[in-house]
Amino acid sequence: MNIQEHVRAVQQRVAAAAEAAGRDPGEITLCAATKVQTDESIRAAIAAGITVCGENRVQELTAHLAADAYAGAQVHFIGHLQTNKVNKVVGKVSLIHSVDSPRLLQAIDAQAAKLGIVQDILLEVNIGGEESKGGVAPGETGDLAALAAQMEHVRLCGLMAIPPISQVPGANRQFFQKMAQLFVDIKKEMAHNLSNFNCLSMGMSGDFEDAIAEGATLVRVGTALFGPRPPMHPDNTK
Ligand SMILES: *Cc1c(COP(=O)(O)O)cnc(C)c1O
């Protein structure tokens with residue numbers, strides 16, 4: 001597995017997808033989804049040009065931070081976040097993608113206040129309406145955005161989504177379209193309050209080109225950079 005070659009190949013695919021959609025490739029951030037990766041793999045990805053790492057699990061985040069594995073890159077938290085673990089994430093990552101309830105929002109705001117910082121966040125939207133998945137319902141996203149906009153110690157920077165798993169090429173385009181519409185609607189509704197509302201985080205190894213075609217500004221890519229994850233790992237199903 002040559003991480004450097006894979007990074008270059010994915011970067012080129014991101015740029016090609018942007019150009020095909022008439023977009024500036026510079027608008028799109030490639031975030032390496034680093035779950036189950038070693039410190040060495042993460043360092044290799046950063047050495048190859050990755051500027052943002054996305055971590056799923058608090059435990060892995062804490063271990064990689066302690067090893068200084070993300071040196072030279074930003075780190076984002078992209079996994080489900082439990083309220084009782086916010087103190088291990090707030091202030092340690094530059095963006096939390098997975099805020100999906102008033103309770104979690106309030107816990108993040110309180111922890112950020114304690115640290116005297118402003119934490120950048122995205123709202124995760126359950127765009128496929130899947131029971132088993134986290135994320136706020138599309139119809140409730142505006143209300144959660146309004147709540148976030150009132151908070152002093154969080155800054156709402158956009159939306160994130162993980163559409164349903166599908167093997168069918170193009171199947172998720174409809175969800176990416178819905179996300180892009182929701183993103184525009186919220187931005188319009190709350191323009192005066194949301195000057196930093198610029199990030200639309202969607203698209204993974206199997207569908208990031210479609211996500212870019214529909215307006216993603218950040219894609220989260222694991223397998224295409226690092227190779228397949230061990231099948232028994234619980235996060236492999238996400
Ligand atoms: C694992 C993961 C990804 C990357 O998935 P791949 O299909 O391996 O590219 C993206 N986003 C989240 C939230 C993930 O958990």
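Just so you know, all these numbers are worked out from the coordinates, no wet-lab data involved. Here the structure is a predicted model, which means the values were calculated and not measured. With ideal geometry, Cβ positions are generated from the backbone for all residues, glycine too; neighbour counts draw on all protein chains shown.
For the chain, set up a GNM with springs between Cα atoms under 10 Å and report which of Ala137, Ala110, Ala191 has the largest fluctuation.
Maximum fluctuation in the GNM of the chain, among the listed residues, is at Ala191.
Please give the length that would be gained between Gln74 and Glu19 if that part of the chain were fully extended, namely 0.36 nm times their separation in residues minus their C-alpha to C-alpha distance (nm, one decimal). Spell out each step's value before the answer.
Values: separation 55, 0.36 × 55 = 19.80 nm, distance 2.53 nm.
That pair, Gln74 and Glu19, stretches by 17.3 nm at full extension.
Karplus couplings for segment 205-222 from phi (6.51 cos²θ - 1.76 cosθ + 1.60, θ = phi - 60°), rounded to Hz, Gly and Pro as x?
3, x, 8, 5, 5, 5, 4, 5, 4, 9, x, 4, 10, 9, 10, 10, 10, x
For segment 102-119, take each phi angle, set θ = phi - 60°, evaluate the Karplus expression 6.51 cos²θ - 1.76 cosθ + 1.60, and give the result in whole Hz per residue in order, putting x for glycine and proline.
Along segment 102-119, the couplings run x, 5, 5, 4, 5, 5, 5, 4, 5, 5, 5, 4, 4, 7, x, 10, 10, 9 Hz.
Any chance you could run the full-extension gain for Asn196 through Gln106? It's 0.36 nm times the residue separation minus the Cα-Cα distance, nm to one decimal. Could you put the intermediate results ahead of the total?
Values: separation 90, 0.36 × 90 = 32.40 nm, distance 1.93 nm.
Once the chain is fully extended between Asn196 and Gln106, it gains 30.5 nm.
Non-local amide H neighbours of Gly54 (under 5 Å, H modeled in plane, Pro and chain starts lacking H): which ones?
Those lying under 5 Å, H to H, from Gly54 are Ala32, Ala33, Thr34, His76.
Kirkwood hydrodynamic radius, computed over distinct alpha-carbon pairs, for the chain: how many Å, to one decimal?
Result for the chain stands at 17.9 Å.
Starting from the Cα of Ala63, step 7 Å toward the Cβ, then list every residue of segment 6-36 with an amide N under 15 Å from that point.
Flagged as within label range: 34-36.
As I understand it, the dipole of segment 3-223 uses +1 on the Cβ of Lys and Arg and -1 on the Cβ of Asp and Glu, about the Cα centre. Which of Ala21, Gly91, Ala47 lies farthest toward its positive end?
Gly91
State the answer as a single residue: which of Met190, Leu115, Gly135 lies farthest towards the positive end of the charge dipole of segment 66-196, with beta carbon charges of +1 for Lys and Arg and -1 for Asp and Glu, about the Cα centre.
Positive-end residue among those listed: Leu115.
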